[in-house]
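Since the structure comes first, as structure tokens, the remarks are kept for the end.
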Amino acid sequence: NITVRNIYAENCRYAIDVQDHNRKVEINRNVLIDDVYALNCEWAVRTYNHRFGHENLTLSNITAEHCQKPMQVSNTDNVIIQNIRIIDHIGEGPAVNVSNCNMLIIKYVSIKKSSSKEAGILVKNCQDVTIDGLSLLEKTESLSSAVSYSLSKGKIFSNLQIHNVLAINVGDSGIILEKKDNKASLENYII
């Protein structure tokens with residue numbers, strides 16, 4: 001039960017890092033991170049968790065300016081990511097990178113200026129996902145897509161909803177659904 005608010009970080013590796021140090025006794029549950037401003041950091045928010053039962057993570061009101069990997073979240077269930085502003089993304093990877101998170105909600109993300117050739121939001125191997133409200137503002141033409149939903153594990157995934165994506169002039173497509181494992185499939189989705 002951890003609440004972290006009002007963080008300003010400049011020239012840091014990360015503004016906030018949530019991790020388990022690969023110890024099964026360090027499970028992160030009921031974590032709220034709110035009002036973060038990261039400037040010139042590698043990550044604004046990163047989770048470096050393993051599949052030990054991490055759950056109930058809320059990330060809200062986060063601004064990442066001139067960061068390489070603004071947001072990376074992994075191996076946590078019941079995640080809410082909302083009110084995210086990414087300005088001048090200088091990294092090679094996605095601005096928002098989420099993997100192995102079930103019951104995931106991403107709401108109200110804006111990206112202004114990005115040099116990445118990857119997706120604005122990459123969601124990989126996640127179940128029960130809602131993405132609602134992504135705006136690619138100015139100078140985001142290098143992004144391959146606004147949203148990429150990728151499956152690389154050979155199992156059935158379901159319940160994907162993607163709404164309200166504004167993606168003008170992206171490199172490939174606004175929204176990409178990608179299957180990297182022939183045994184993977186997606187059921188019950190709305191775009």
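The values are calculated or read from the model by the stated rules, or taken from the named source; none is laboratory data. Not measured: the values here are computed from a predicted model. Cβ coordinates were reconstructed from backbone atoms using ideal geometry, including for glycine residues, and neighbour counts include every protein chain displayed. Note: accessible area is taken over every heavy atom of the protein model, side chains too, but ligands, DNA and RNA are not part of it. Shrake-Rupley method; radii C 1.70, N 1.55, O 1.52, S 1.80 Å.
Annotations
- Meets criteria (in a strand (DSSP E or B) and either touching a residue at least 60 places away in the same chain (Cβ under 8 Å) or crowded, with 23+ Cβ neighbours inside 10 Å (or both)) for residue 109: yes
- Selection within region 52-71 - open to solvent by 10 Å² or more (accessible area, probe 1.4 Å), over 25 Å from residue 27 (Cβ atoms) and not in a strand (DSSP E or B): 66, 68
- Some residue of region 143-166 being within 15 Å of residue 64 (Cβ to Cβ), touching a Cys at 6+ places or on another chain (Cβ under 9 Å) and of a type outside the set (S, T, N, Q): no
- Checked against the criterion of being polar (S, T, N, Q), open to solvent by 40 Å² or more (accessible area, probe 1.4 Å) and out of contact with any Lys or Arg (no Cβ under 8 Å at 6 or more places or on another chain), region 80-101 has no qualifying residue.
- Answer residue from region 143-191, given it is touching a Ser or Thr at 6+ places or on another chain (Cβ under 6 Å) and among the polar types (S, T, N, Q) and is least open to solvent (accessible area, probe 1.4 Å) among those: 145
- Cβ-Cβ distances below 9 Å connect the following pairs, each with a first residue in region 177-188 that is at positive phi, a second residue that is surrounded by 12 or more Cβ atoms within 10 Å (Cβ to Cβ), and a separation of six or more residues or different chains: 188/158; 188/159; 188/160.
- Members of region 121-141 found to be in a strand (DSSP E or B) and surrounded by fewer than 19 Cβ atoms within 10 Å (Cβ to Cβ), listed by number: 130, 132, 133, 135
- Filtered by the rule that a residue be of a type in the set (A, V, I, L, M, F, W, C) and either at pLDDT below 95 or part of a loop (DSSP other than H, G, I, E, B) (or both), region 37-51 gives a lone residue, 41.
- Top-ranked residue in region 1-36 [being within 18 Å of residue 67 (Cα to Cα) and assigned to a loop (DSSP other than H, G, I, E, B); ranked as most open to solvent (accessible area, probe 1.4 Å)]: 13
- Inter-residue pairs, beta-carbon under 6 Å, first of a type in the set (Ser, Thr, Tyr) and in region 32-57, second part of a strand (DSSP E or B), 6+ apart: 37/8; 37/63; 47/18; 47/73; 47/74; 48/19
- Taking each residue of region 86-104 that is farther than 20 Å from residue 57 by Cβ and looking for partners that are among the hydroxyl-bearing types (Ser, Thr, Tyr) and crowded, with 24+ Cβ neighbours inside 10 Å with beta-carbon atoms closer than 8 Å, six or more apart or interchain, yields 88/114; 89/114.
- Long-range neighbours under 9 Å by Cβ, at least six apart or interchain, first residue more than 8 Å from residue 184 (Cβ to Cβ) within region 152-171, second buried (at least 16 other Cβ atoms within 10 Å of the Cβ) and of a type in the set (Asp, Glu): 158/128; 159/128; 160/128
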